[in-house]
Every structure is written in structure tokens, then in C-alpha cells.
Amino acid sequence: MDDPPGASVKVFPTIGPELFHAVRAAHPTRVVLQVPAGLVRNAHEVVERLRAESGAPVILATRPCFGACDVPSLEEAPRADLAIVLGHAPIPNVRLPRRTFFVEMREPGGDPEALAATVAAANLPRRLGLVASVQHLDLLPALTAALAQRGFEVLVEQGDRRLAYPAQALGCNYTGAEAVADRVDAFVFLGTGRFHPVGLALAVDRPVWSLDPLQNQLEPPIDRARLIGRRQLAVAAARDARRWGILVSTFGGQNRSPTALRLQERARAAGREAELLYFDRLDPRDLEGRAFEAYVNTACPRIALDDGQSYPRPVLTPPEFLMVLGELPLAPYRFDTYH
């Protein structure tokens, strides 16, 4: 589907006058605001501020935003002609259903010199790759310089067409890190939480440390062997499954119908049954009571990797499904990079 006439994307570092001016200039009939899960509690305050500063009618999307791949659909907010998405950068190769303003919520905090000193004191390998969540990307140049002064060789690279910035992390795509993996001995993820470091550890065969820039805390490296061992067990549990459900998301940024159809063909060629199952937001209860013995998920790869134990049957990624069919080896592990 082509973008509707007038559809456009604008990016803002934070909530402020520049955003309010752009909203007023857009003359929207109605604005729909979508916030990440971490900002849900105070989302109504953001709505009130946007309404007061821009003069535009603003409604709040109930569904929290887990990524730029699942912005509000036309069905969720049919009368809104402008969406404002907080906490995420646009995905360059994803078409959007309406005009969308991304507010990346850039975080200026963090002392590059103190952070570099923490890394040096932990005796990390001298050849490092840096990866960051979008909120902390502005720290990278100064942190790179501070690390270089302490004898580190730091590499940062641009990923594929799904990533807007060099060193950026997406839960489904770490191609910037993959581009330098053979030239570094370890990675440092700049951000909070374990979501991105775990994905990075699965995507690159290098140790991954997580550095909280606000608290200046360096977490122990992710246990990659343990993560992969769990996934290999999931593959083994599904190896004898004959009836497969292939999960396909209807979100514009997650829909991989061509991939799903190819997997269906491969399954049938290997003597397995396989049916396509479409959904928007998947709940484990949606798969209860079905006759399928296992599933392969073509939507966000983190459904299988992070939440797989919540489902009644094994849920694999496409590369893991090819391991079941014998088309890929168990090792080296292949992360389901979403391009």
C-alpha cells in the first residue's frame, strides 16, 4: 500500500517548542499520541501539555508502543491525521499510514569521562564496539573520545536500511554491530534494561557489557552460551513436530508475509503441515487449544526469544525453524535479524 497523500515523517529530540510549533503548523484534525510502556503512568500529562501548547485535539492510544514498528493503525485512531510517537526513532524502510512525528526523547545526562573511567577500571578488551538505544546516542562521540584517550580502539558503524543512525540498537536488528563484530573483541551497550543487550548478545559472537549512562553502572557480561543453550533446547523440543503454525503480524513494520509463505513451502516440501496465522498483538492465550505442535514466528523475533516460555507450544524464529528442517546447523547460532 502506498503512503497516503501528504504522509510525512518528522523527528524531534524531545518534547518542547519545536514539536509544538510543528504540530500547530500541521493543522491536524486530531492527534493520536502513543507512548512506550515506561511512560504510560504519566502519559495523560503529556496529552494535556500537547493540547495546551499546540491547540490541537489530542487523544491517547491505549496500546503502549514497544517500537517504531507498531505505530497506531488507522483502525486504532480512525479520525486522527497526525500521530506522535514518543521514545523511538523512525524505521527508514517502514511506510506509515499517516503523518507521524517521532520524539526520540534524547537524554543529555551521563558524564563521558566518568563512564570511560568505569569501563577502563573493569579491564574490558581494548577493541570495543559501541551500541546504544536512541535516547543515549548523543553521548557516543564524547564517550568514544574519552575511551580513546584511555587506550581503547572504538568502532561504530551504520547498520542496514532498518536503522536510522550509526550504533543504533533495535530489538530486531543489530546490523551496525554485526558490521564491526570481526574487528572488535567485545561490545558495550549504552542504555538501561536487558532487552537490547540480550538481543545484541544473540546477534554477535562477542561478549556484551551493558553500561547505564545515568547511574554509571557497568553490568556483568551477558551469558551468551546460556541464552543460546535455551534456544537450542527449544529447537530440540520442536524437532519432531509435524503440524506447524506460522505466525504473521499485521503491523506494517512487522509484517513478513513473503517470509512466512517461503517457510510454509519449505515445511510442506519437508513433509510437515504448516498454516499461516495472522494477528496484530499476540497473546499466549490466542494459541491455546489449537492442534499445532509448534510455531514459527515471523513477527518481532523477541516474541520467541524473550516470551517463548509463556506459550503452550514451542515458538521458534525462522532460522531456528530451518534448523529443525536440517537446512541450518545448530551452531553457529543465527539471530533472526529483521531487515
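Bear in mind that the values in this text are calculations on the coordinates, not laboratory data. Computed from a prediction, not measured in an experiment: that's the story for all the values here. Because the Cβ atoms are built from the backbone with ideal geometry, glycine has one as well, and the counts that use them run over all protein chains shown.
Remark: relative contact order (the chain) = 13 percent; criterion is Cα-Cα distance under 8 angstrom and separation of 6 or more residues. Counted over the chain, the DSSP beta bridges are approximately 10% antiparallel.
Of the DSSP beta bridges with both residues in the stretch 112-222, give the percent that are antiparallel, rounding to the nearest 5. If you can, show how the numbers build up before the last one.
Details: 4 of 17 bridges.
About 25 percent, rounded to the nearest 5.
Overall shape: oblate for the stretch 218-264, with the ratio a/c of the largest to smallest alpha carbon gyration tensor axis at 1.5 or above and b/c at least equal to a/b. Using a Gaussian network model of the chain in which every pair of alpha carbons under 10 angstrom is joined by a spring, one finds that among A179, A37, A25 the greatest mean-square fluctuation is at A25.
Listing D240, D307 from the residue with the fewest other Cβ atoms within 10 Å to the one with the most, what is the order? Before the final figure, lay out the partial values.
On the way: D240 9, D307 14.
Listing D240, D307 from fewest to most nearby Cβ atoms yields D240, D307.
Local charge sum around L322 (other residues, Cβ-Cβ under 15 Å, Lys/Arg +1, Asp/Glu -1)? Please list the in-between numbers first.
Numbers: positive: R231, R239, R256, R262, R266, R268, R272, R334; negative: E265, E320, E327, D336.
Once all neighbours under 15 Å are counted, the net charge is +4.
Its relative contact order, with pairs defined as Cα atoms under 8 Å and 6+ residues apart, puts the stretch 133-259 at 15 percent. Over the stretch 1-105, calculate the relative contact order: mean separation of alpha carbon pairs under 8 Å at least 6 apart, over the residue count, as a percent. So the answer I get is 40 percent.
Give, as a single signed number, the net charge of other residues whose beta carbon lies under 14 Å from the beta carbon of P166, with Lys and Arg counted +1 and Asp and Glu -1. Before the final figure, lay out each step's value.
Numbers: positive: R161, R162; negative: D138, E157, D160, E178.
Once positives and negatives cancel, what remains is -2.
Residue order for R98, R266, R150, fewest other beta carbons within 10 angstrom first, comes to R150, R266, R98.
Based on the alpha-carbon gyration tensor of the chain, what equivalent-ellipsoid semi-axes (square roots of 5 times the eigenvalues) come out, in whole Å, largest first?
On the way: eigenvalues 219, 184, 48 Å².
Rounded to whole Å, the semi-axes are 33, 30, 16.
Quick check on packing: order 198-204, 159-165 by the mean number of other C-beta atoms within 10 Å, highest mean leading. Provide the component values of the computation, followed by the final result.
Details: 198-204: 24.7, 159-165: 18.4.
Going from most to least packed, we get 198-204, 159-165.
Please report, to two decimal places, log10 I(q)/I(0) for the stretch 112-222 at q = 0.22 Å⁻¹ as given by the Debye formula with identical point scatterers on the Cα atoms and no solvent. Normalising to I(0) and taking log10 leaves -1.23.
The phi-based Karplus calculation (6.51 cos²θ - 1.76 cosθ + 1.60; θ = phi - 60°) puts the 3J(HN,Hα) values of the stretch 276-281 at 7, 10, 9, 7, 9, 10 Hz, whole numbers, x for Gly and Pro.
Rounded, prolate or oblate, given the Cα gyration tensor of the stretch 193-339, with a/c below 1.5 counting as rounded?
Because a/c hits 1.5 or more and a/b exceeds b/c, the stretch 193-339 counts as prolate.
When both the stretch 172-217 and the stretch 118-149 are represented by their alpha-carbon centers, they are found 11 Å apart. As a rough footprinting exposure proxy, the listed residues I84, I246, I59, I303 were ranked by other beta carbons within 10 Å of their own, and the order from fewest upward is I59, I303, I246, I84.
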